[in-house]
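So the structure is just underneath, and the comments pick up after that.
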Amino acid sequence: MGHKFPWDGRLPEKEVRVDLSFTQEQLMFRDEVRSWLADYTPREKRPSDGAAARAFDSAWQLTQYEGGWAGLAWPEEAGGRGLSLIHQLIWHEEYGRAGAPPPGFMFIALNHGGPTLIAKGNAAQKAFHLPRILRGESVWCQGFSEPGAGSDLASLKTRAVIEGDELVVTGQKIWTSYAAHADYQELLVRTDASGPKQAGITWVICDMRSPGITVRPIRTINNDYHFNEVFYDSVRIPLANVVGEVNDGWAVAQATLAFERGTAMIPHQMALSRELDELTALAKSIPAPSGSGTAWERDDIRTRIATARAEVYALKAMTYGAISRGQRDNVPGAEGAIVALYHGELAQRVQRLALDIIDDDLLDRDSARGEWIGRYLDAFKYTIGGGTSQVRRNIIAERVLGLPREKALN
Amino acid sequence: MGHKFPWDGRLPEKEVRVDLSFTQEQLMFRDEVRSWLADYTPREKRPSDGAAARAFDSAWQLTQYEGGWAGLAWPEEAGGRGLSLIHQLIWHEEYGRAGAPPPGFMFIALNHGGPTLIAKGNAAQKAFHLPRILRGESVWCQGFSEPGAGSDLASLKTRAVIEGDELVVTGQKIWTSYAAHADYQELLVRTDASGPKQAGITWVICDMRSPGITVRPIRTINNDYHFNEVFYDSVRIPLANVVGEVNDGWAVAQATLAFERGTAMIPHQMALSRELDELTALAKSIPAPSGSGTAWERDDIRTRIATARAEVYALKAMTYGAISRGQRDNVPGAEGAIVALYHGELAQRVQRLALDIIDDDLLDRDSARGEWIGRYLDAFKYTIGGGTSQVRRNIIAERVLGLPREKALN
Amino acid sequence: MVDLLPSDEQNAIQQELVNFLSLEMPVDRLHQGDVTDGIDALIELGWLGLALPEQAGGAGAGLADEAQAFRAFGEALVSPAAFATVLAAHLSVGLGDEGRARAILEGDARVGLAVPAAKAGECYLIAAQQADLLLMVDKGCLALIPAPDVVDRVACDPLDGTVDLQRAVLGSGGPVGEGLAEAEYDRFLVLLAAYQLGVAEAALRTAVEYSKLREQFGRPIGAFQSIKHLCADARMRTEAAQFQTIYAGLASQDGHEDARAQALSALIVAEEAAILNAEAAIQIHGGMGFTDECTAHLFLKRARLMSRLGGGRACLLDKLAALS
Amino acid sequence: MVDLLPSDEQNAIQQELVNFLSLEMPVDRLHQGDVTDGIDALIELGWLGLALPEQAGGAGAGLADEAQAFRAFGEALVSPAAFATVLAAHLSVGLGDEGRARAILEGDARVGLAVPAAKAGECYLIAAQQADLLLMVDKGCLALIPAPDVVDRVACDPLDGTVDLQRAVLGSGGPVGEGLAEAEYDRFLVLLAAYQLGVAEAALRTAVEYSKLREQFGRPIGAFQSIKHLCADARMRTEAAQFQTIYAGLASQDGHEDARAQALSALIVAEEAAILNAEAAIQIHGGMGFTDECTAHLFLKRARLMSRLGGGRACLLDKLAALS
């Protein structure tokens, strides 16, 4: 051939190269998942009422447990399936495709509480809680954020004093989903206020039926009562409920992060892709907001949809990329903030576009296209919750790109 | 009528209300300006070569001087016309409409050097320089920015040591327009490095033919040589050339700002409006970048042009607003940063839009629509020069909205 | 003489209105379920007749003055019924029916809004529970129709929960009077722009106030450039909307050739300012912004509601393009 | 098995290319008026035949690997002639003319680019001074034409001053071979996306490096949130472009049903990343960014030049929409 190759002339074997294909075993797994979901996915609509929704979510979790699908990402010794990230990806893709209901009340237990216990809990804590979580018997909620500690979580102030073999907790948490119907809470409290703010935090399991707890629902801009404030008035929690060591809660909370190695975005990405399909179909059937013909025939509408289409594809590719990273690194890097930022901004653009398309139905949530109003309002949570877009940009700049940290922040 | 008015029932007299009309005298002034410009505006194209362009600009300034139009905003005792802001507005509008050439080499002398001398110069300085400026005999350039002092102008380092009755200047300036053909420079030098950085700066008139000055042209991204670096190697400047007091240069430099009370944006606004007219005509005549018909028939192109049209109108209204403010306040407020920010971002959007329209001509600056390439590249100066968009946003946030200043900056 | 800033006297009048609204109709009233539209009080004080001719019971001011009042209405999220009332009075005068204008301005004939729904023959009624007349708005066409001509009213779940919304069927009756409504279209655009400008300003104010108070990482969040720059861009948008709206109001009252283009431009920039500023206010409030308790979302929903009146951005841009 | 990150072995090969380019073809060469296109060296080392079949003198790799190489070409602003050369070789193979492919890959037939000009019958030639063949690109149609078929060449003043540009008249001769070019359109899109991705990454790198060094107000400008967030958004765009381009490359080589849509999407996001990142790099460099001495504008001009090959954003979006 006459060419001098800089490498040894051979390309890497197919098996260790960038790849988009699934193995035979994975394809069979997909078939298995798909047929199980086709048989067992609940047909009825998930109730909107809290108690009924809890019962629904619990029952669906039990169904999954009995089908052998509970705790996909949990290690087998913890009662889970111990599936690889790719198998999780396949599960989530099929789950989304089947239109299966979101985990709802089960979410925190399966994705936060359980994984934290697996990583940092003692034998007794695991033995008690993990089976109940997998079977859908116990609902968990999160108690991290406070009115004064949002983006700046480490400055939380809810105080816990050790009295005998108990922690006595006084303070307030906010943005707690499912609080009114939860059994347990993963609670971060301040047990030492003398040192740096990240030190002196303790991670503890709080029984939500303990005396002294008051739950106040918060109405959102989307008119629902998803979030709550939780007030603690000398709530007594056994020291046995502390996970990890007292004052080591910041590290315990970080442990949860290692659990999710790129899979968290899959349901969001699936949902956005489905919504964009809907929006495309809608644009093709609805009159243009100005001029004649359908909305789809308006170049500005159509090119905005096409732009979103390209970006939703890219979001999927980024999700695959995140899983590829997750297969290499056990602890997720700061790159996760990139996908989250991209998703949040994209989701908002898609919802804004939807409002420009539904046009005549803009005023009325009950109208044929009125559900887009709620989606538009709801989409703000993606640029606010779990770290605002601003915080994510800081993380990307400082931890991915290595730009100097702001002095005052540490 | 039965209504109780909260006020005394009368509306303010027409004369003191918001108003968009011109007085009879102003309308006559407009006629006078228009007919003079129709007769005297140079017909030939402004040369691109430095020396020839200087000669052209000088000649045009002399023509204006002889016509009685030099120093419109200068007080009469300084040899100017002492026109009101509205008369200046009228002049600039007609000037733009007549397609009269930009002041070019005369700009700094007329808008910076002269006004600074008027505000802070001594009698000798005024007597020598002001008439020469008005007649177009002397060209000034600016010597403020340095490689290490851009947005942070006050940290300038070009050093001046007093030796006898002279300042001996060593250092470097940058972004100096017209330096190679200028007679004088308004130069900021550091005469005291011991105190806060704003103190210890001196404003001095530098003769550009002084020994020790080297000018090096800087090629821009638009392939022109508008800017220069200026190097000072023990350049001796008489102390008599200091304007104001030694070490009081920061305040002297600020004095220039008071000169311009909202009129500075008029030529930019006129130019952008004219370019948008051109772009509209172009879109109506050029094939669409995709699909059939003209670019104008593409909804996305047409609505982007219409958006820009609305915004260019708003820019004009903001300019009128700035002049209205200027009529009240002698010292311009931080609001000036708002118009400048708006203009810079808008100008870039318009130029980006143009590139999407010229499409087939995108590669070739010589092509029929190739001039838009240069305009696009040139437009970066509006978000970089004279304070970046980032600096302007800080000014608006801190000085207009009263948000907390960043600690480290002062 | 050219002056886009109000005189001291004008400012004083405007300030009276702002004071009245902040005392009697603070935005927080909407959180407390206060459903009165305040039309009675505004009529009583003469604010709705500001620019109506004196023979119709008004004060004879110009559109620019009227726009300043609507700016204050927007800041206070005054019911869209105020908008309907003023426009209906002007339309009546235009139709030569000063008696009707007087009845409207004296509160004897109440006015609500109607916009077409997606389904032909149906419409949405906005703030029209007690209306005798409806101002029908359809992408630039304005008409007055008697309220009884609209039948089969059904309550809806509104985007903006602070304004009553009904879906209904248009009867066969035609509009009150004939033609002429087009003549009031500039006024419609300018007053709508002014209202949206007020919304944009109030949303920004809320965001700025919160940025000064809310601390994270040991300092007010307003000390961070990201928040500063969101606020600065919002401030820039209000500046553009403010002067363009005043300019358009004056251009229209002075009969400038480009008055329509100016008025369309005013609404285009003001509507964008209202929506983007309210979105930014939600973002700046963080978690709080996502709650009903924060006012930010009220501005967003009202801005979106009012944007429906202008026919939507694409419609406005197409109209402006048609004038180029 | 699904893995969008290169293996260690792939990374090592990629690194060899990056090292070679940074040593032999650093971007700064363009400031020094170096007009050699480097095609000889790239041919010599086999980089242009990476994904050509072995019987045509290539190494038989897939499109995803080839895209990684083009990413490096973009970072180094390698001449568009490299793009033309690789595509022309693939087209020749597709037309069954392996001899021509071999001639191209051995440097015996040089290839430049041609795109239509505004005036019918005219075209622009890009990096085609010594070309024997021209890769004609017209909004998704690819064709090879013999260079002598293009006449009346005139030098132009190019947008991108580092690449030779001529205007010329298309002769009456037809393309080399018939049809089949459509089959290479996915590859065209993916390699163009990869090149733009490389430009986007290099522009961002320049901006980040400058932000760490340049001080104003007593600290590196990269410590200010406004600069941080410009960089973070740019980094987000490269992440999207990176994975979408790899995904599209794999989807195409594996014959996925949606391969065309994926490839169009890759170019849409990568082109936007290249242009916006380069614009941001100019802005972040401040005054320096406005000078020819800074590399930022080279990335912008190259990104714009290459965007002309894809037919422009509207054309790409329309094609993608047509698949929805």
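Which value in nm describes the separation of the simple spin-label points at A:Thr214 and D:Gln15, placed 7 Å from the Cα toward the beta carbon?
6.2
At 222 nm, what helix-only mean residue ellipticity would chain D give, in deg cm²/dmol to the nearest 500, using -39500 (n - 2.57) for each DSSP H run of four or more?
-17500 deg cm²/dmol
Taking every pair of distinct Cα atoms and averaging 1/r, then inverting, what Kirkwood hydrodynamic radius in Å comes out for the stretch B:179-287?
So the Kirkwood estimate lands at 17.5 Å.
Over the stretch C:159-208, what lengths in whole Å, largest first, do the semi-axes of the equivalent ellipsoid take, defined as the square roots of 5 times the eigenvalues of the alpha-carbon gyration tensor?
31, 20, 5
Treating the point 7 Å from Cα along Cα-beta-carbon as the label, what are the nm separations from A:His181 to the other copies, to one decimal?
Here the equivalent label points are 7.9 nm apart from this one.
How high is the FRET efficiency from B:Gln198 to D:Ser7, r the C-beta distance, R0 60 Å, rounded to 0.05?
It comes to 0.55.
Need one number: the % of Cα-Cα pairs in chain D sitting beyond the 38 Å mark.
For chain D, the share of Cα pairs beyond 38 Å comes to 11 percent.
So, counting K/R as plus one and D/E as minus one, what does the shell of residues with Cβ under 13 Å around A:Arg135 add up to?
-3
May I ask you to evaluate 6.51 cos²θ - 1.76 cosθ + 1.60, the Karplus curve with θ = phi - 60°, for each residue of the stretch A:169-180 and list the ³J(HN,Hα) values in order in whole Hz, giving x for glycine and proline?
Listing the rounded values in order: 9, 9, x, 8, 10, 8, 6, 8, 6, 6, 4, 5 Hz.
Using a 1.4 Å probe on protein heavy atoms only, how many Å² of accessible area do A and D hide from each other, summed over both chains and rounded to 100?
Accessible area lost upon association: around 5800 Å².
Could you work out, residue by residue across B:387-396, how many beta carbons of other chains sit within 10 Å of that residue's beta carbon, and then give the average as an integer?
Average per residue, whole number: 6.
Cross-link partners among lysines for D:Lys139, C-alpha distance below 18 Å, same-chain residues fewer than 8 apart left out?
D:Lys119, D:Lys319
Report, to two decimal places, the Cα Rg of the protein assembly as shown normalised by 2.2 N^0.38 Å (N = number of residues).
0.97
Can you compute the helix-only [θ] at 222 nm over chain A? Use -39500 (n - 2.57) per DSSP H run of at least 4 residues, normalise by all residues, nearest 500 deg cm²/dmol.
Counting only the DSSP helices, I get -13500 deg cm²/dmol.
Can you list residues whose amide H is under 5 Å from C:Val176's amide H, if they're 5+ apart or on another chain and H is modeled 1.01 Å from N?
C:Leu144, C:Ile145
Over all residues in A:144-150, what is the mean tally of Cβ atoms on other chains that come within 10 Å of each residue's Cβ?
2
Please give the Cα centre distance for the stretch B:339-394 versus the stretch A:312-363, rounded to the nearest Å.
Distance between centres, Cα-based: 30 Å.
Semi-axes of the equivalent ellipsoid for the stretch C:163-311, please: Cα gyration tensor eigenvalues, times 5, square-rooted, ordered largest first, whole Å.
Ellipsoid half-lengths, sorted descending, are 35, 21, 8 Å.
Taking Cα atoms, how many degrees apart are the long axis of helix D:296-309 and the longest axis of chain D, rounded to 10 and kept between 0 and 90?
Tilt relative to chain D: about 30 degrees.
List, shortest first and in nm to one decimal, how far the label point of A:Met28 (7 Å from Cα along Cα→Cβ) is from its counterparts in the other copies.
10.0
For the stretch A:392-400, what does the Karplus curve 6.51 cos²θ - 1.76 cosθ + 1.60, with θ = phi - 60°, yield as ³J(HN,Hα) per residue in whole Hz, taken in order and with x for Gly and Pro?
5, 4, 4, 4, 4, 5, 7, 9, 9
I'd like the orientation of helix C:80-94 relative to chain C: the angle between its Cα long axis and the longest Cα principal axis, in ° from 0 to 90, rounded to 10.
With rounding to tens, the tilt is 40 degrees.
Using only the Cα atoms of the stretch D:1-138, what are the Rg and Dmax in Å?
Reported Rg and Dmax, both Å: 15.6, 50.
Work out the FRET efficiency for C:Val151 and B:Ser292 from their Cβ-Cβ distance, taking R0 = 51 Å, and round it to the nearest 0.05.
0.65
Can you give the mean number of other chain Cβ atoms that lie within 10 Å of the Cβ atoms in peptide D:154-164?
Neighbouring Cβ atoms belonging to other protein chains average 4 per residue here.
Counting pairwise Cα distances across the stretch C:104-223, what percent come out greater than 26 angstrom?
37
Based on the mean of other beta carbon atoms within 10 Å per residue, what is the order of A:135-146, A:162-173, most packed first?
Packing order, densest peptide first, comes out as A:135-146, A:162-173.
Counting only heavy atoms of protein chains, what accessible area per residue, in Å², does the protein assembly as shown have with a probe of 1.4 Å?
Value for the protein assembly as shown: 36 Å² per residue.
A drop of at least 50 square angstrom in accessible area, chain alone versus all protein chains together, probe 1.4 Å. Which residues of the stretch C:103-127 meet that?
Listed in order, they are C:Ala118, C:Tyr124.
What number, in nm² with one decimal, is the all-direction average of the projected area of the convex hull of the alpha-carbon atoms of the stretch A:62-217?
The directionally averaged projection comes out at 10.8 nm².
Using a label position 7 Å from Cα in the Cα→Cβ direction, what is the ascending list of nm distances from A:Arg274 to the same site in the other copies?
In ascending order, 5.7 nm.
Report the Cα centroid-to-centroid distance between the stretch A:208-254 and the stretch D:19-54 in angstrom, as an integer.
After rounding, the separation between the Cα centres reads 60 Å.
When all alpha-carbon pairs of chain B are counted, what percent fall beyond 40 Å?
When all Cα pairs of chain B are counted, 22 percent exceed 40 Å.
Which positions within the stretch D:1-21 get 30 Å² or more of their accessible surface covered by the other protein chains, compared to the chain by itself, with a 1.4 angstrom probe?
D:Met1, D:Val2, D:Asp3, D:Leu4, D:Leu5, D:Ser7, D:Glu9, D:Gln10, D:Ile13, D:Glu16
Return the distance in nm (one decimal) between the two label points of a simple spin-label model at B:Asp207 and B:Ser234, each offset 7 Å from Cα along Cα→Cβ.
Going from the B:Asp207 label point to the B:Ser234 one covers 1.9 nm.
Take every DSSP beta bridge with both residues inside the stretch D:1-154 and express the antiparallel ones as a percent of the total, to the nearest 5.
If we restrict to bridges inside the stretch D:1-154, about 70 percent are antiparallel.
Collect residues whose amide H, placed 1.01 Å from N in the peptide plane, falls under 5 Å from the amide H of B:Ser151; neighbours closer than 5 in sequence don't count.
Counting only residues 5 or more places away or on other chains, the set is empty.
Would you mind giving the three semi-axes, in whole Å and largest first, of the ellipsoid equivalent to the stretch B:308-403 according to its Cα gyration tensor?
They are 32, 15, 10 Å, listed from largest to smallest.
Where along chain D is the Cβ that lies nearest the axis linking it to chain C, and how many Å separate them?
D:Gln225, 2
What part of the accessible area of the stretch B:285-410, given as a whole %, is carbon or sulfur when the probe is 1.4 angstrom?
Result for the stretch B:285-410: 46 percent of the exposed heavy-atom area is carbon or sulfur.
Taking H as built 1.01 Å from N, whose amide H comes closer than 5 Å to the amide H of A:Asp248, not counting residues under 5 places away?
The list, which skips near neighbours in sequence, is A:Trp203.
Identify, among D:Gln242, D:Ala263, D:Ile284, the residue whose Cα sits farthest towards the positive end of the charge dipole of the stretch D:172-319, taking +1 on the Cβ of Lys and Arg and -1 on the Cβ of Asp and Glu, with the dipole about the Cα centre.
Checked the options; the winner is D:Ile284.
At R0 = 60 Å, how high is the FRET efficiency between B:Asp49 and D:Asp254 if r is their beta carbon distance? Nearest 0.05 is fine.
0.50
Translational diffusion coefficient of the stretch B:222-377 at 25 °C, 0.890 mPa s, Stokes-Einstein with Kirkwood Rh over Cα pairs, in µm²/s as a whole number.
It diffuses with D of about 131 µm²/s by this estimate.
Tell me, what % of the accessible area of chain D is carbon and sulfur with a 1.4 angstrom probe?
51
Measure nothing fancy, just the Cα-based angle from helix D:225-253's long axis to the longest principal axis of chain D, in degrees from 0 to 90, nearest 10.
The answer is roughly 30 degrees.
If you filter the stretch A:12-90 for trypsin sites (Lys or Arg not before Pro), then keep DSSP loop positions with at most 14 other Cβ within 10 Å, what is left?
A:Arg43, A:Lys45
Quick one: Karplus J couplings for the stretch A:142-154, per residue in order, coefficients 6.51, -1.76, 1.60, θ = phi - 60°, nearest Hz, x for Gly and Pro?
Calculated HN-Hα couplings, in order: 9, x, 9, 5, 10, x, x, 9, x, 4, 9, 4, 5 Hz.
The values are calculated or read from the model by the stated rules, or taken from the named source; none is laboratory data. Since the structure is predicted, the reported quantities are computational estimates derived from the model, not experimental observations. We place every Cβ from the backbone using ideal geometry, glycine too, and count neighbours over all the protein chains shown. Each accessible area value is taken on the protein alone, full model and side chains, heavy atoms only, with ligands, DNA and RNA left out. Shrake-Rupley method; radii C 1.70, N 1.55, O 1.52, S 1.80 Å.
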